[in-house]
Amino acid sequence: MENLPKKDTAEYFLQMKNITKCFGKFRALDDVNLNVRRGSVHALLGENGAGKTTLMNILYGLYQADLGEIFINGELVQIKNPSVAIDLGIGMVHQHFKLVQNFTVAQNIMLGCEVTSPFGVLDFKEFNKKIAKIIDQYGLKVDLKARIENISVGMQQRVEILKTLYRGADLLILDEPTAVLTPAEIEELINIIFKLTSSGKTVIIITHKLKEIKAVAQSCTIIRKGKYVDTLDVEKTNKHELAKKMVGRDVKLVVDNPPENPGEVVFEISDLCIKKETSENLFAVKDLSLKIRKGEILGLAGVEGNGQKEIAEAIMGLRKVSSGKITINGKEIQNLTPYEVIKNKVSIIHEDRHKRGLILDFSVAENAVLEEYRESPFSRNGILNYKAINKFTKELIKQYDIAPERCHRRRIRKLSGGNQQKVIIGREIHSNPDLLIAMQPTRGLDVGAIEYVHKTLIKEREKGRAILLISLELDEILALSSRVAVIYNGEILGSFSRKEANEENVGFLMAGGNENVA
């Protein structure tokens, strides 16, 4: 291979050429190119399963490409493992943080790259000098003595960024960095990214959020179904063009949400208290009350870990309630079994479709009747009626546009995340619930699948369904909700009508602000 021209060497920190990666017969990446300019923010955009994270895992040495070449500063390199990547100045902040929860911030940053005295003893004095310079330079203020389990998600992300900088990273890969942040934390992260690039660092950001690409990136490379589509100058494009190139068709980024006409109260929570799993004396949810009417969507906004999961699990009978009432159509359902809750016309789209929503080694058809397989016509005298099950599933596949078309016998793990979610949504709506809990309904989905889910929820609301929407995506909450309630530390701090709710006032409460304080 001939040496790269000097112009390329000066302009690009990274070049990935003709990268191909197969997993068995599945071609995850097919001849993909990526050119990242030094000192820039470069966005990597694509549908769920398009190959974005796979490409970055190759760059970080977690996977090896079957074909293709990688150049760092114009030099051809072989990145066989993450240690080689780190030595080359590449750092990666994964979507799910790699931190030891009961270690301090300082211990996590130093872990694997310890500073020791000549006698092999950890030298925290020298470490503190080194890390203090990095903290001051980039404004990454953290409490080095705090335990990871006791700091916010936003602070944990800062620790991950500090880890990469401490190891000498010149290129930082941020995988879905804003997925669990408040609006204020997102603004802080954007400011940190600007400080990084202004000091000469290069950043690659993997995200589904088109608004954030426009806010922070200079260039954007789009991958679709493992193939390179285009690289765009972000300043000269718009969110609609980005979405169209990403999905391959026009996408409505904000769904039509006609005015609602809510009816009587269908669902109510009164003075609910739920203890934390880790302590008998601490509460995850404290004296919480809320109501949902027929034909409305109540959006529960909050940063992850503030009691949302416990509320959903308590409603569905998956977690015991210490005190308080949960009623559907006037009947108390707290502490019933999940089967009894479902029989009382409550359904849920779980936040983790793989852990709670599906049995991945079952077929699509078997997953489609998970909650009704004991009922007629799917079962006769305790024996499954596969003729009826397959007929129902084929209709579900057609109605909810699940791909591929004749997939009822296929293992559901073979379907994309978006199509798996469609199976779950179709199954839960088919049970005709009076209350539908939609918990992180678009997590991990691309803009095309998100558009579909949003349209479906609005359609069900218009039919008179009461919907509890629990989402970490504030834009989703604001776009879909009839009313917004904000949860913080297991309590409702305030609520807003659709007209009143905005990113500023909801985001303020999400961070623990008091709505009575100006």
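The values are calculated or read from the model by the stated rules, or taken from the named source; none is laboratory data. Note that this is a predicted model, so its numbers are computed, not measured. Virtual Cβ from ideal backbone geometry, glycine too; neighbours counted across all protein chains shown. Just so you know, the surface numbers come from the protein's heavy atoms only, side chains and all, with ligands and any DNA or RNA stripped out. Shrake-Rupley method; radii C 1.70, N 1.55, O 1.52, S 1.80 Å.
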remark   = Check: C-alpha center segment 63-101 vs C-alpha center segment 359-381, spacing in Å is 44
ask   = Once fully extended, how much extra length lies between K320 and E11, figured as 0.36 nm per residue of separation less the alpha-carbon to alpha-carbon distance?
value = 105.3 nm
inquiry  = Please report, ordered by residue number, every helix of the chain (full DSSP H runs) that is 18 Å or longer along its axis going by C-alpha atoms and whose mean Kyte-Doolittle hydropathy reaches 1.0.
reply    = none
note = Once all protein chains are kept in place, Y60 shows an accessible area at probe 1.4 Å, nearest 10 Å², of 30
ask   = Over segment 390-518, what is the relative contact order in whole percent, taking alpha-carbon pairs under 8 Å and six or more residues apart?
value = 15
request  = Figure the gain on full extension for K252 and A403 (residue separation times 0.36 nm, minus the Cα-Cα span) and round it to one decimal in nm.
outcome  = 52.3 nm
request  = Could you state the accessible area per residue of segment 246-292 in Å², with a 1.4 Å probe and every protein chain left in place?
outcome  = 59
query = What number, rounded to the nearest 500 deg cm²/dmol, is the helix-based mean residue ellipticity at 222 nm of the chain, given -39500 (n - 2.57) per DSSP H run of at least four residues and division by all its residues?
reply = -9500 deg cm²/dmol
request  = Please work out how much accessible surface K80 shows to a 1.4 Å probe, ignoring ligands, DNA and RNA, in Å² rounded to 10.
outcome  = 150
Residues R374 and S289, FRET efficiency given R0 of 41 Å [Cβ-Cβ distance, rounded to 0.05] = 0.75
GluC sites (Glu not before Pro) restricted to segment 374-428 and DSSP loop, no more than 16 other C-beta within 10 Å = E375, E405
task = Might you work out the accessible area of S219 for me, using a 1.4 Å probe with all protein chains in place, and round it to the nearest 10 Å²?
result = 20
inquiry  = Placing +1 on the Cβ of each Lys and Arg and -1 on the Cβ of each Asp and Glu in segment 397-518, which of T442, I397, S431 has its Cα farthest towards the positive end of the resulting dipole?
reply    = I397
note = Carbon/sulfur accessible area of the chain, % of total, 1.4 Å probe, equals 48
ask   = How about segment 172-275: which GluC sites (Glu not before Pro) there are in a DSSP loop, with at most 13 other Cβ atoms within 10 Å of their Cβ?
value = E264
message = With the crude spin-label approximation of a point 7 Å out along Cα→Cβ, what separation in nm comes out for L384 versus E75?
response = 5.7
message = For the pair S497/I359, report the inter-label distance in nm, with labels modelled 7 Å from Cα in the Cβ direction.
response = 4.8
task = Specify whether the C-alpha gyration tensor of segment 1-115 places it in the rounded, prolate or oblate class, a ≥ b ≥ c being the square roots of the eigenvalues: rounded for a/c under 1.5, otherwise prolate if a/b is larger than b/c and oblate if not.
result = oblate
key: In segment 341-380, trypsin sites (Lys or Arg not before Pro) in a DSSP loop with at most 14 other beta-carbon atoms within 10 Å   = R374
Amide N of segment 349-384 lying under 17 Å from the label point, which is placed 7 angstrom from the Cα of R413 along Cα→Cβ = 353-368
In nm, spacing of pseudo-spin labels at K214 and L67 (7 Å Cα→C-beta vector) = 3.8
task = Quick one: which residues, 5 or more positions from R293 or on another chain, have an amide H under 5 Å from its amide H? H modelled 1.01 Å from N in the peptide plane, none for Pro or chain starts.
result = V266
query = On average, how much accessible surface per residue is there in segment 62-154, in Å², for a 1.4 Å probe, leaving out ligands, DNA and RNA?
reply = 60
Between segment 290-337 and segment 441-518, the Cα center-to-center distance that results, in Å = 16
remark   = In the chain, taking the dipole from +1 charges on Lys and Arg beta carbons and -1 charges on Asp and Glu beta carbons about the Cα centre, the listed residue (N108, M246, G89) farthest towards the positive end is M246
